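See below for the structure under consideration.
The values are calculated or read from the model by the stated rules, or taken from the named source; none is laboratory data. The model shown is predicted, which means the values in this text are computed figures rather than measured ones. All Cβ positions, glycine included, derive from the backbone under ideal geometry; neighbour counts span all protein chains shown. Accessible surface is based on the protein model in full, side chains and every heavy atom, while ligands, DNA and RNA are left aside. Shrake-Rupley method; radii C 1.70, N 1.55, O 1.52, S 1.80 Å.
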Amino acid sequence: MKSKETICVQGGWQPTKGEPRVLPIYQSTTFKYDTSEQMADLFDLKASGYFYTRLQNPTNDAVAAKITELEGGVAGMLTSSGQAASFYAIFNICEAGDHFVSASSIYGGTYNLFAVTMKKLGIEVTFVDADASEEEISKAFRPNTKALFGETIANPVLSVLDIEKFARIAHSHGVPLIVDNTFPTPINCRPIDFGADIVTHSTTKYMDGHATSVGGCIVDSGNFDWEAYADRFKGLTQPDPSYHGLAYTKAFGKGAYITKATAQLMRDFGAIQSPQNAFLLNLGLETLHLRVPRHCENALRVAEYLEQDARVAWVNYSGLKSSRYYDLAQKQFTNGQSCGVVTFGLKGGRDVAIRFMDSLKLAAIVTHVADARTCVLHPASHTHRQLSDQQLIEAGVQPDLIRFSVGLENADDIISDIEQALGK
Ligand SMILES: *Cc1c(COP(=O)(O)O)cnc(C)c1O
């Protein structure tokens, strides 16, 4: 097995003699064939090849292959955004009348997708406290439950998911575990190693790393045995009338899940990543192994600084010994490193938080998170603005919570900026 560093730099695109050393942007909607029959075989999924970029594009596939290798999966696909990845990951195995279970501490956009939009499609979700016992979480499962979902490190709550526990629960109910691994990236954690079956990403964050391109990715471990629960996952195991009766598990084996997501969901919904964005994402991935540890070193410095300051009410960072997730982070993450995001509250609460943020100079107030530039957000005033204080607490977001995304600048400069803003 190649090391992560080598995969980051050289994975995916494998040029042969005379081909470009650097991954080219295949900025083409269509691909040429010599005979009508060659094209027909592609439409029947009898042959593999490119024909229309809404379904597949060589630039995208090379980048998906790199991320798949980093995550230790067997097949992967890029999507236009992290939201599209979360939607496809669930919708590929759930339809109207089905149900799935999700950790309640997840990204706000994913929460809304699951609770509101998927419900309109007839798919129901039950949210569970990810820190609850296996018995407690198991109570949420029903005969029509098709998946369990969680985030390795929840944005913005920063709770750490016990992936082995979640995998045991999912598998004891005969459903796959889907994990959003956006915050740690495969540099710090490979959920598949702990039993996850499918991994999703918002590549918009650390993977891109430069805040240039919105994107997403789905990786399948190939480990879940759909055929063992053939009646539960008919969409994968029974003939697909929209492909002349082809059954994905029989035709594609371990590639069934991703092939179905490409052949059906990309075909019908079309949330493809542009090849231009995939090219930029690949540039980000080439340095992911260098950037992520530096984000984490800087974040730990910031968290330690905040923890010793009397004006700070609380700090949450799994790299701190005071964190309830410290031991789990040590076990699950490379060198115990989680991500570059730190959350904290200031004495004086909400109003003081806003004054503090307005006083920052180096750290910018932006909706984004997890890129090279330090940035800050107050979820109660911004992303979660529509929620009351009571609803915020139910969602695990304290009203005074400041989400501080530590960038790649010099840590002393970042801390000086915090220092001068706290002074105000
Ligand atoms: C940002 C984010 C998403 C959504 O991704 P987009 O690329 O913005 O659509 C999903 N999950 C997590 C953990 C995120 O941080």
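Observations
- For Arg190, solvent-accessible area (1.4 Å; no DNA, RNA or ligand), Å²: 40
- Cα shape, the stretch 4-283, gyration tensor, a/c 1.5 rule: oblate
- Of Ser318, Ser36, the order by accessible heavy-atom surface (1.4 Å probe, DNA, RNA and ligands excluded), from most exposed downward, is Ser36, Ser318.
- Set of lysines with alpha-carbon distance to Lys2 below 16 Å, sequence-local pairs under 8 removed: Lys66
- With K and R counted +1 and D and E -1, the other residues having a Cβ less than 14 Å from that of Lys4 yield a net charge of -1.
- Accessible heavy-atom area order of His384, His99, highest first, probe of 1.4 Å: His384, His99
- Gain in span if fully extended, Ile365 to Thr212, counting 0.36 nm per residue against the direct Cα distance: 53.4 nm
- Per-residue ellipticity at 222 nm, computed for the chain from helices alone with -39500 (n - 2.57) per DSSP H run of at least four residues, works out to -9500 deg cm²/dmol.
- Whichever lysines have a C-alpha closer than 26 Å to that of Lys119, once near sequence neighbours (fewer than 8 apart) are set aside: Lys139, Lys146, Lys234, Lys260
- Accessible area in the full protein assembly, largest first, 1.4 Å probe, for His378, His210: His210, His378
- Spacing of the two label points (7 Å from each Cα toward its C-beta) at Gln10 and Lys119, in nm: 5.1
- Packing rank of 197-204, 244-251, where each peptide gets the mean count of other beta carbons within 10 Å, highest leading: 197-204, 244-251
- Taking the average, over residues, of other Cβ atoms within 10 Å as the packing measure, peptides 228-236, 14-22, 83-91 rank 83-91, 228-236, 14-22 from highest down.
- Remark: the stretch 289-422 carries 44 Å² of accessible area per residue (probe radius 1.4 Å; ligands, DNA and RNA excluded).
- Based on Cα contacts under 8 Å between residues 6+ apart, the chain shows a relative contact order of 16 percent.
- Only beta bridges with both residues in the chain are counted; by DSSP, about 60 percent of them are antiparallel.
- FRET efficiency for the Ser28 to Asp351 pair, using the beta carbon distance and R₀ = 41 Å, is estimated at 0.15.
- Accessible surface calculations at 1.4 Å, restricted to protein heavy atoms, place the stretch 1-154 at 48 Å² per residue.
- The heavy atoms of Asp351 present about 110 square angstrom of accessible area, all protein chains included, probe 1.4 Å.
- Here the chain is treated with +1 on each Lys and Arg Cβ and -1 on each Asp and Glu Cβ, and its dipole about the Cα centre works out to around 400 debye.
- Projected label distance in nm at Glu409 and Arg385, using a 7 Å step from Cα toward the beta-carbon: 2.5
- When the surface is traced with a 1.4 Å probe over the full set of protein chains, Arg294 keeps roughly 120 Å² accessible.
- Between Lys139 and Asp44, residue separation times 0.36 nm minus the direct Cα-Cα distance comes to 30.0 nm.
- With the simple model of a label 7 Å out from the Cα in the direction of the Cβ, Phe269 to Arg168 spans 3.2 nm.
- The stretch 193-244 shape via C-alpha gyration tensor axes, a/c threshold 1.5: oblate
- Carbon and sulfur %, accessible surface of the chain computed with the full protein complex present, 1.4 Å: 52
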